[in-house]
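The values are calculated or read from the model by the stated rules, or taken from the named source; none is laboratory data. Just so we're clear, the structure is a prediction, and the values are computed from it rather than from any experiment. Please note: Cβ atoms are built from the backbone with ideal geometry, for glycine as well, and neighbour counts cover all protein chains shown. Areas reflect the complete protein model, heavy atoms only, side chains present, ligands, DNA and RNA absent. Shrake-Rupley method; radii C 1.70, N 1.55, O 1.52, S 1.80 Å.
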Amino acid sequence: MNCKRQRDGGEKGKKRKKREERAELSPLLEDEDVKRAVKEAWSQRAQYSHGGLELDCHPFPHCIIRNFIQSDSFTENLQRELLDLNFHEKSNDLYKFNQSDDLKKRKEPHITGLRAALFGLFRSWLGEVLGVELEPTVDISCAKYQYTDVLLCHDDELEGRRVAFILYLVPPWESSDGGTLDLFSTDDQFQPHSVVKSLVPSWNTLVLFEVSPVSFHQVAEVLSEDKCRLSLSGWFHGPSLERPPRHTEPPFPRSPHLPRDETLLLEWLNPLYLDVDYQSQVQQEFEDSSEIQLKNFLKEEKFKEVSEALRSTDVQWTKQGPPNRRCYEVASLESFPQCVSACWELLCSEAFFLLLSNFTGLRLHYLSPSDEDKEEEKDQEDEEEREATGSSVYTPSANKNNKEPSTPVCVGELRRWAHGDYTLLHDGDASRAEYALDLLLPLSCPDWQTEFGGFTSYVANEEDEELLMVYPEENSLALVYRDKETLKFVKHINHRSSTLPIGDYCRRAVYDFSFVYYE
């Protein structure tokens with residue numbers, strides 16, 4: 001189905017005076033016995049079904065009302081009005097879809113009529129079912145999900161939100177089209193675990209659920225290339241449910257460098273990057289932009305050996321979660337093939353820490369000059385100039401102290417990425433952000449394209465604008481220095497990645513070494 005409706009020409013295209021059309025909702029909402037039964041089942045976290053209404057409390061309370069609007073002509077006209085709206089592409093770590101402006105003040109007759117019914121009669125019915133007073137706040141918009149659009153795992157919790165709702169206006173839809181509303185189970189820490197129920201969108205069906213600390217859900221990626229998942233959605237506001245303390249993940253353990261000398265560098269690296277003059281050029285470029293990509297970083301034969309070894313069935317991979325933070329696989333260090341283990345040691349080695357210092361100017365090795373060393377060098381130059389000019393004024397650099405330098409450390413992963421994988425920004429990320437050097441070395445992605453996703457995006461805290469995107473490029477070492485106000489995520493890998501040739505292993509998985517180094 002096309003998500004654009006052709007406007008009629010001639011007289012039909014002329015503006016007419018708009019008036020509100022009354023939306024008659026399902027007669028089930030007027031049945032007092034049904035209302036009492038729904039209220040009782042909701043309070044007892046039980047199941048209930050009657051006609052086109054279904055209530056289920058697993059994994060959290062949600063209700064489905066089919067044929068929500070009585071009139072077919074009203075629903076069809078509503079769909080036409082919605083498709084005539086202006087939509088804006090929305091894309092960040094969590095989602096990609098098109099959304100209309102807020103519908104709170106739209107004057108189209110069927111949009112106005114439905115809005116009045118939702119936040120009038122239906123709000124009263126829902127408030128009685130829940131046993132709470134819902135506010136008259138109108139919070140509603142329209143969304144279009146098309147091929148590869150997605151909304152990843154989240155809980156919808158925001159101050160004042162009590163019930164979320166979605167009204168589907170879709171063509172005949174199958175689970176194979178994607179776009180299902182997936183509901184997650186949660187663990188003992190109130191973190192999402194796995195999808196336990198998937199609701200397939202259907203025409204004129206309303207789904208609502210209680211917003212709570214465990215209401216984790218997602219809109220699965222739309223896989224149909226010719227259907228449009230059109231929906232109206234929003235929230236009813238009221239007193240929020242009590243929330244337990246937010247779960248805090250323990251930090252990944254960090255390690256100092258391994259005692260390995262420059263023999264490893266000579267064995268593994270492109271000789272260009274061992275040239276001292278070239279290292280100075282790299283450092284100058286890095287200091288100007290805080291990022292750089294070093295192509296053909298490993299020797300070709302070493303790179304091929306590692307890439308082929310990673311396809312071994314002997315490597316043990318573990319899925320990483322929870323899904324409101326990340327979804328990808330990590331290799332077990334104990335299962336590394338010998339050449340992969342050697343490459344890992346390279347990235348952890350003392351010699352490599354020193355090389356990174358030479359590339360970036362950061363103090364990642366005791367032999368690299370510290371800020372204090374640079375200040376002392378400047379003081380010495382100033383003293384020599386003072387003596388040469390006969391000046392008696394001498395002002396040493398400020399902030400000198402005898403503080404012991406910290407030990408540089410790193411943390412790393414060998415990751416495997418496939419269709420559906422991603423990482424997300426999280427509420428606690430900003431408070432724990434540190435100055436750090438990110439290293440990324442992608443493998444086995446010769447035909448990777450930007451439109452597949454899978455790139456690493458750097459954003460300023462509380463800002464939507466992307467500062468930098470690092471795309472997977474075979475044997476290209478990416479270095480990015482980030483401050484405390486910079487966060488990163490890996491964009492969801494979408495269904496387009498499946499268009500790679502059947503025989504190409506990259507279609508099934510992309511690998512990378514991901515390390516973070518701290519001064």
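Answer yes if at least one residue in the stretch 219-239 is under 20 Å from LEU167 (Cα atoms), out of contact with any Gly (no Cβ under 8 Å at 6 or more places or on another chain) and polar (S, T, N, Q), and no otherwise. Among the residues of the stretch 219-239, at least one is under 20 Å from LEU167 (Cα atoms), out of contact with any Gly (no Cβ under 8 Å at 6 or more places or on another chain) and polar (S, T, N, Q), which makes the answer yes. Determine whether GLU242 is exposed (fewer than 12 other Cβ atoms within 10 Å of the Cβ), of a type in the set (Asp, Glu), under 28 Å from the mean Cα position of the chain (by Cα) and on the phi < 0 side of the Ramachandran plot. Considered against the rule, which asks whether it is exposed (fewer than 12 other Cβ atoms within 10 Å of the Cβ), of a type in the set (Asp, Glu), under 28 Å from the mean Cα position of the chain (by Cα) and on the phi < 0 side of the Ramachandran plot, GLU242 comes out as yes. If you go through the stretch 296-327 and keep only what is more than 30 Å from VAL195 (Cβ to Cβ) and of a type in the set (D, E, K, R), you end up with LYS299, GLU300, GLU301, LYS302, LYS304, GLU305, GLU308. When the stretch 60-69 is limited to residues that are assigned to a loop (DSSP other than H, G, I, E, B) and open to solvent by less than 30 Å² (accessible area, probe 1.4 Å), the one that is nearest to SER26 (Cα to Cα) turns out to be PHE68. Scanning the stretch 71-99 for residues that are under 21 Å from ARG325 (Cβ atoms), open to solvent by 30 Å² or more (accessible area, probe 1.4 Å) and either more than 16 Å from the chain's Cα centre (by Cα) or of a type outside the set (Gly, Ala, Ser) (or both) gives LYS90, ASN92, LEU94, TYR95, LYS96.
Return the residue satisfying two criteria in turn: it lies in the stretch 125-137 and is outside any helix (DSSP H, G or I) and among the acidic types (Asp, Glu), and of such residues it is most open to solvent (accessible area, probe 1.4 Å). That would be GLU133. Among the residues of the stretch 280-297, those identified as touching a strand residue (DSSP E or B) at 6+ places or on another chain (Cβ under 7 Å) and of a type outside the set (Ser, Thr, Tyr) are VAL282, GLU285, PHE286, GLU291, ILE292, GLN293, LEU294, PHE297. The lone criterion from (1) assigned to a helix (DSSP H, G or I); (2) open to solvent by 30 Å² or more (accessible area, probe 1.4 Å) left unmet by LEU118 is number (2).
Assessment of the stretch 221-232 against the conditions (out of contact with any helix residue (DSSP H, G or I) (no Cβ under 7 Å at 6 or more places or on another chain), closer than 24 Å to HIS62 by Cα and loosely packed, with under 14 Cβ neighbours inside 10 Å) yields no matching residue. Among the residues of the stretch 259-270, at least one is touching a Cys at 6+ places or on another chain (Cβ under 9 Å), open to solvent by 50 Å² or more (accessible area, probe 1.4 Å) and part of a loop (DSSP other than H, G, I, E, B).
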